[in-house]
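**Student:** Take this structure first; my questions come after.
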Amino acid sequence: MVPAFELEEIVRDARARTGVPGVAAGLLVDGRVESAADGVLELGREEPVAVDTPFRIASISKPFTASLAVSCLPVDEQLRGWLSHTAGLRTESAEPLPEDAQGLFSYSNAGYWAAGEASAAALGLPFDQAMRERIIEPLRLGATGYDEPAAPARGHVQEGETGHRAVGVDVYPVERRPSGGLWSTVDDLLRFAAHHLGGRGPLSEEQRSLMREPQSQALGAGYGLGWWVHDAGGRAALDHEGSVAGYQSILLLVPDERLALAVLTNSWRGSGVVRRVVEQLGLGAGPPAARPGVRPRDSSGMELTEYDVVGEYELGDARASVEASGEELLVREHEIDPVTGAPIAGPQLRARAIGGGVYGYAGGALMSHRLDFPRRGIARIGWLAMPRSA
């Protein structure tokens with residue numbers, strides 16, 4: 001178990017190196033919890049972040065929605081597709097993906113909206129009430145919910161190369177709640193994780209095991225029902241990241257060690273803090289099985305030429321450009337925040353081959369720091385299967 005002072009030092013150093021306004025983190029090992037926090041709720045104000053500060057957890061809401069759905073719906077092919085991003089739906093609508101991207105893992109909030117609607121209908125309750133009665137209350141998650149809590153950490157978007165600007169009060173659309181609407185704290189997230197590590201709660205072990213079973217492969221890992229399933233320092237791990245409205249976060253579990261880590265930040269640059277904490281604890285996603293050569297490869301292992309890879313890619317409001325630079329790829333992403341409507345133009349990042357046809361920024365330690373090319377003319381960037389447009 002990492003001593004409290006060591007976790008505090010890791011968190012403090014990670015925030016100092018990235019300039020993120022605030023961070024809270026918690027580590028659960030075999031029933032014991034250590035927590036740490038650093039920074040402020042909002043720039044320009046003095047209120048500090050505490051270990052019980054609520055943050056938006058964005059897409060970490062997905063394992064919650066998957067837990068609800070598995071508890072009350074038959075786990076048939078349709079539900080598996082919705083919860084594993086393999087139903088062939090676009091990110092933000094139930095419209096089908098372009099034909100050349102069908103059959104691939106491509107991240108879809110719309111699948112979770114469908115699963116949430118079906119769960120609510122099965123229970124005869126509004127979705128938020130169904131979640132509260134079926135998952136939140138049985139696990140005694142008193143700081144978790146869809147309504148804005150008192151004294152939350154405020155999200156911050158990037159301003160200039162190193163600056164931040166507070167988003168202010170954001171309004172999360174009710175219809176989007178199944179894909180990312182929850183507020184929570186590190187303690188509540190670790191309590192939720194403890195149930196998925198075998199603790200008492202609303203799901204049976206059979207249901208939890210079903211959620212951990214990979215339904216698809218992407219980016220050198222598997223995706224189950226609400227969880228990425230991957231290697232973390234030689235250990236089987238589950239995780240889900242969250243990113244919306246100026247917040248970035250992670251919940252990571254190592255079932256065999258009854259270990260869980262939650263890291264919450266209030267910045268679009270929070271993934272830098274998350275990565276540093278994860279790496280310092282030896283929990284980064286391990287590289288896929290290596291294949292010889294340094295050129296990009298598709299999912300079948302076939303070598304792709306520079307012509308196959310370089311170009312512009314689009315899917316809805318999301319765009320990305322890929323350039324070649326020796327053995328590296330230069331990648332820039334552009335997207336629209338679905339809650340604030342703000343355009344997000346990422347920096348140009350260098351991606352290196354990390355094995356198995358997968359490329360990664362910062363070593364690919366987080367699943368969101370990876371890209372691959374599952375088919376000619378398709379780049380999977382930001383978890384989206386994006387057809388080449390130019």
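The values are calculated or read from the model by the stated rules, or taken from the named source; none is laboratory data. Computed from a predicted model, the values in this text were never measured in an experiment. Positions of Cβ are backbone-derived with ideal geometry, glycine not excepted, and every protein chain shown enters the neighbour counts. For the accessible areas, the whole protein counts, side chains as well, though only heavy atoms, and no ligand, DNA or RNA atoms are used. Shrake-Rupley method; radii C 1.70, N 1.55, O 1.52, S 1.80 Å.
**Student:** If you take the residues in the stretch 14-41 that are on the phi > 0 side of the Ramachandran plot and at pLDDT below 95, which one is most open to solvent (accessible area, probe 1.4 Å)? Before you say what the answer is, go through the steps one by one.
**Tutor:** First, pick out the residues of the stretch 14-41 that are on the phi > 0 side of the Ramachandran plot: 19, 30-31, 39.
From what's left, at pLDDT below 95: 19, 30-31.
Numbers: GLY19: 41, ASP30: 101, GLY31: 59 Å².
Step by step, filter the stretch 14-41, then rank; the result is ASP30.
**Student:** Right, something else. Could you give me the residue pairs with C-beta distances under 6 Å whose first residue belongs to the stretch 122-143 and is open to solvent by 50 Å² or more (accessible area, probe 1.4 Å), whose second residue is assigned to a loop (DSSP other than H, G, I, E, B) and of a type in the set (A, V, I, L, M) wherever it lies, and which are 6+ apart or on separate chains?
**Tutor:** Once the first residue is open to solvent by 50 Å² or more (accessible area, probe 1.4 Å) and sits in the stretch 122-143, its partners that are assigned to a loop (DSSP other than H, G, I, E, B) and of a type in the set (A, V, I, L, M) give ALA122/LEU73.
**Student:** Moving on to the next point. Test each condition in (1) in contact with a Leu (Cβ under 8 Å, 6 or more places away or on another chain); (2) over 16 Å from SER119 (Cα atoms); (3) in a loop (DSSP other than H, G, I, E, B) for VAL75 and report the one that comes out false.
**Tutor:** With respect to (1) in contact with a Leu (Cβ under 8 Å, 6 or more places away or on another chain); (2) over 16 Å from SER119 (Cα atoms); (3) in a loop (DSSP other than H, G, I, E, B), VAL75 is out only on (2).
**Student:** Still on this model: Under the condition of being closer than 21 Å to HIS195 by Cβ and in contact (Cβ under 8 Å) with a residue 60 or more places away in the chain, which residue from the stretch 216-237 is most open to solvent (accessible area, probe 1.4 Å)?
**Tutor:** HIS230
**Student:** Given (1) at pLDDT 95 or above; (2) open to solvent by 30 Å² or more (accessible area, probe 1.4 Å), where does GLY44 come up short, assuming only one miss?
**Tutor:** (1)
**Student:** Looking only at strands (runs of 3 or more DSSP E) that fall completely inside the stretch 326-390, which ones have 3 or more residues that are within 16 Å of TYR107 (Cβ to Cβ), in contact with a Leu (Cβ under 7 Å, 6 or more places away or on another chain) and in contact (Cβ under 8 Å) with a residue 12 or more places away in the chain?
**Tutor:** Numbers: elements: 328-336, 343-345, 349-355, 358-360, 370-375, 378-381, 384-387.
Because the criterion is at least 3 residues that are within 16 Å of TYR107 (Cβ to Cβ), in contact with a Leu (Cβ under 7 Å, 6 or more places away or on another chain) and in contact (Cβ under 8 Å) with a residue 12 or more places away in the chain, the strands (runs of 3 or more DSSP E) in the stretch 326-390 that meet it are 370-375, 378-381, 384-387.
**Student:** Please work out which one of (1) buried (at least 24 other Cβ atoms within 10 Å of the Cβ); (2) out of contact with any helix residue (DSSP H, G or I) (no Cβ under 9 Å at 6 or more places or on another chain); (3) over 30 Å from GLY22 (Cβ atoms) is the condition GLY155 fails and give its number.
**Tutor:** Only one criterion in (1) buried (at least 24 other Cβ atoms within 10 Å of the Cβ); (2) out of contact with any helix residue (DSSP H, G or I) (no Cβ under 9 Å at 6 or more places or on another chain); (3) over 30 Å from GLY22 (Cβ atoms) is unmet by GLY155, namely (3).
**Student:** Here are GLY293, GLY282: which of them is open to solvent by 20 Å² or more (accessible area, probe 1.4 Å), at pLDDT 90 or above and assigned to a loop (DSSP other than H, G, I, E, B)?
**Tutor:** Numbers: GLY293 fails: at pLDDT 90 or above.
Sole residue among the options that is open to solvent by 20 Å² or more (accessible area, probe 1.4 Å), at pLDDT 90 or above and assigned to a loop (DSSP other than H, G, I, E, B): GLY282.
**Student:** Now for a different question. I'd like the full set of residues that are at pLDDT 95 or above, among the acidic types (Asp, Glu) and under 18 Å from GLU257 (Cβ atoms), limited to the stretch 192-233.
**Tutor:** GLU205
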